[in-house]
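My structure is below; once you've seen it, I'll send some questions.
The values are calculated or read from the model by the stated rules, or taken from the named source; none is laboratory data. This one's a predicted model, so the numbers in the text were calculated from it and none came from an experiment. Cβ placement follows ideal geometry from the backbone for every residue including glycine, while neighbour counts extend to all protein chains displayed. Please note that ligands, DNA and RNA were not included when accessible areas were found on the heavy atoms of the full protein model with its side chains. Shrake-Rupley method; radii C 1.70, N 1.55, O 1.52, S 1.80 Å.
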Amino acid sequence: MQLGILLLVLAGVCWVLIGVAISHAALKRENLKRIQADSAILCAIPAVVLIGFGKGGTFPTWWIVLLLLLAGMTNYFTFLLMNRAMRYGPHSLVWSIIQSALIWPFLFGVICFGAVCNWLRVVGFLLILCGILAASKAQTGTAENNDTLSGKHWLRIALGAFVLAGLTQCINNFPSYLGNADTTPYVRGLLILLGTILGFAVSVCFDRRAVAGKVCWMSVLLLTGANIASCYFFFYRGLDLVAEAGAGAIGYPVTLGSCIAGFALYSVFILRERITIASVSSFLLCLSGMIAMSIQ
């Protein structure tokens, strides 16, 4: 159990780096569609090599494959919505709102798989909802205030990403709850990455400009390194360990609590976003909710 929590915290640190890459792409108006696709291809190489040499494990049943591909696609579009929201709103609040989508896999685990639901987790759930409400009262920080999407439009986009992120997390939790011991982090990570590439293919079908645009290789490499460390070494292994201990519902809260706290420091000290009572309240409520939901 302790090892699982440690791995999930390390995965949270990796997710902070992913958030930094998305934030940078939003500020510099880089082509996040291409960045995600290029990074997914680079991340897939180690998994393909390991699986090719029989070291990466076997593929799960066909419907688990389809679910993980779908999770990769929904995650791809979640990042696009997040990137768009960050262009016009405060990065720290956008990040906190979207990461708070852990309430969906929490409810999913409790309702569908009988995960433990004590009073602290109910309080945590309500705190997160209050945090999202507080975010709606916050003023923009790094926003382009003269743009047509200024004001609270960033919040609508962020809430759309919040729902999509919740769907992604529920799908991602499925194999752990079903005890898919043969689905290694390499196989699972590869399927998620293939889903990302499929998402990019869908984007190209509707917008040929997705293959062009400004691409920063520093963003690609940062996203690649963080994804490899998280997918292949930390996150899925940690998720399986806590699920085996009967606490699968805390997997996302531990990871997301770490990444929200880390990204908040980045937004304050690097982005120098404006701090308001509403933004601080939103952050503290979301973080407190995650901590409460993580306590068994």
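Name the pairs whose Cβ atoms lie under 8 Å apart, with the first residue in region 172-194 and closer than 11 Å to Y232 by Cα and open to solvent by 10 Å² or more (accessible area, probe 1.4 Å), the second at pLDDT 75 or above and among the basic types (K, R), and 6 or more positions between them or separate chains?
Close Cβ pairs satisfying both conditions: P185/R237.
Within region 19-29, does at least one residue satisfy the condition of being farther than 15 Å from V220 by Cβ, open to solvent by 70 Å² or more (accessible area, probe 1.4 Å) and over 18 Å from the mean Cα position of the chain (by Cα)?
Checked region 19-29: at least one residue is farther than 15 Å from V220 by Cβ, open to solvent by 70 Å² or more (accessible area, probe 1.4 Å) and over 18 Å from the mean Cα position of the chain (by Cα).
Give region 248-296 a look and list any residue that's modelled with pLDDT of 75 or more, surrounded by 20 or more Cβ atoms within 10 Å (Cβ to Cβ) and among the polar types (S, T, N, Q), or say none.
T255, S258, S267, S279, S282, listed by residue number.
Can A210 be described as among the small types (G, A, S) and within 21 Å of the chain's Cα centre (by Cα)?
Here the answer is no, as A210 does not meet what is asked.
Give A85, A71, A47, A101 a once-over and let me know the one that is closer than 19 Å to V220 by Cα and among the hydrophobic types (A, V, I, L, M, F, W, C).
So the residue among A85, A71, A47, A101 that is closer than 19 Å to V220 by Cα and among the hydrophobic types (A, V, I, L, M, F, W, C) is A47.
Hey, another quick one. Looking only at region 1-13, count how many residues are of a type in the set (A, V, I, L, M, F, W, C) and open to solvent by less than 10 Å² (accessible area, probe 1.4 Å).
Here is the first cut: in region 1-13, the residues of a type in the set (A, V, I, L, M, F, W, C) are 1, 3, 5-11, 13.
The next check asks that each one be open to solvent by less than 10 Å² (accessible area, probe 1.4 Å); those that pass are 8, 11.
Result for region 1-13: 2.
Report the residue count in region 50-63 for those that are β-branched (V, I, T) and touching a Leu at 6+ places or on another chain (Cβ under 8 Å).
1
Provide a single number: the residues in region 93-134 that are touching a helix residue (DSSP H, G or I) at 6+ places or on another chain (Cβ under 6 Å), open to solvent by 10 Å² or more (accessible area, probe 1.4 Å) and either modelled with pLDDT of 85 or more or assigned to a loop (DSSP other than H, G, I, E, B) (or both).
Of the residues in region 93-134, 5 are touching a helix residue (DSSP H, G or I) at 6+ places or on another chain (Cβ under 6 Å), open to solvent by 10 Å² or more (accessible area, probe 1.4 Å) and either modelled with pLDDT of 85 or more or assigned to a loop (DSSP other than H, G, I, E, B) (or both).
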